[in-house]
Amino acid sequence: MPVHPQTHCDPARTRGKLALFIALASALVGALLSAFPAQAGEAPRADGAGVELEWVAVRSGGATEAVAFDGTVQAVRQTVVAAQVSGAVVALEVKAGDSVKAGQLLARLDARAAEQTAAVGAAQLQAARAAQDVADREFERQKQLFAQNYISRAALERAEAQHKSAQAEVAAQRAGAGAAQTTSGFYVVRAPYAGVVAEVAIVLGDMAMPGRPLLTLYDPSALRISVNVPQSAASGLGADSQIRLDVPGVGGERTTLRPTRVQVLPTADAATHTQEVRFDLASSVSAVKPGMFARVWLPTPRSGVESRLYVPQHAVVRRAELTGVYVIGRDGKPTLRQVRIGPTIGNEIELLAGVSAGERVATDPQAAARIR
């Protein structure tokens, strides 16, 4: 029986071949990776290498502070609608809070006597026109007779005078009828412009008198805030100034607005030495009503005070009770530093402590937090 030789496997030789294969595979993978550049949008490394943060320098502003002045919201167009004639209120078509259009009926007074007077005027006008027709035809006949020498010039002149008198009578009656018609229109009260009814001072059956207020109407698209400020604060104000308008209590939160126009009245109060300043609001402002309390923050220069430091609002980090900013050091790594913030002016916020002017602050706190 033939005996076949057995093949013996050397373990040391097998491990050597496996190590050589792994080394060759690693070298090949490294060569392939080095041959292709890194793709855009690659996730940043945990240590932050190769990541460039956007930053701004801490801005040093002027030595100013915002001083608050209490004011009141006013309507630029607010009208107290009153009666021009006497009469009982027989119809009331609106109530407080209703929105009305220009020319819409608001109230109606008892106009029966005025309507009868207007009817009398119209009848008298018709009678005057009939008399004028007779005078016109008579004058034409007299002119024909005078041309044929049948009447004297004196008779022609009398006919002409009657003709002119009839014309004047018609003009007078037309004016009287128009006045009576106009007076009858006073018994119908209409809205002078589109707006909102703020107050109704009458009820059905009340006697309206000339000058007695019937209701109050205002235009909600034209509002302003009026405040009285010292003479020193009123000088140099403009719509481009760092002015903030706060209306507390609107929608449960404080509403911060910017004025579209600033008007400083040219007169001052002799007793308080203050001037009235009016800040017009944009027509898109809603939920603000006349009579509301408002507060105006005006920038006022401060003497003997160092410059203020400002950073963008989105650069500030708020975590629980910590408020800070990411300051970029000389090595390019951001460090979270606690700061004390002040008032907000425009898109910037004042930093009272924690940073120095010129230091670099990351504008994207989330990106800065991922860098270690």
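Values in this text are rule-based calculations from the coordinates and carry no lab data. Note that the structure is predicted; figures quoted are calculated from it, not measured. Note: ideal-geometry Cβ built from the backbone for every residue, glycine included; neighbour counts use all protein chains shown.
The modelled label-to-label distance between Gln148 and Thr72, using points 7 Å beyond Cα along the C-beta direction, is 8.3 nm. Two numbers describe the Cα atoms of the range 153-210: Rg and Dmax, which are 22.6, 71 Å.
Taking 1.002 mPa s as the viscosity and 20 °C as the temperature, the Stokes-Einstein diffusion coefficient of the range 99-253 based on its alpha-carbon Kirkwood radius rounds to 96 µm²/s. Restricting the range 59-148 to trypsin sites (Lys or Arg not before Pro) that sit in a DSSP loop and have at most 13 other Cβ atoms within 10 Å of their own Cβ leaves Lys95, Lys101. Seen from every direction in turn and averaged, the convex hull around the alpha carbons of the range 327-372 projects onto 3.6 nm². Annotation: peptides 146-158, 116-128, ranked by per-residue average of other Cβ atoms within 10 Å with the highest first, follow the order 116-128, 146-158.
Taking trypsin sites (Lys or Arg not before Pro) across the range 314-344, the ones in a DSSP loop with at most 14 further Cβ atoms lying within 10 angstrom of their Cβ are Arg330.
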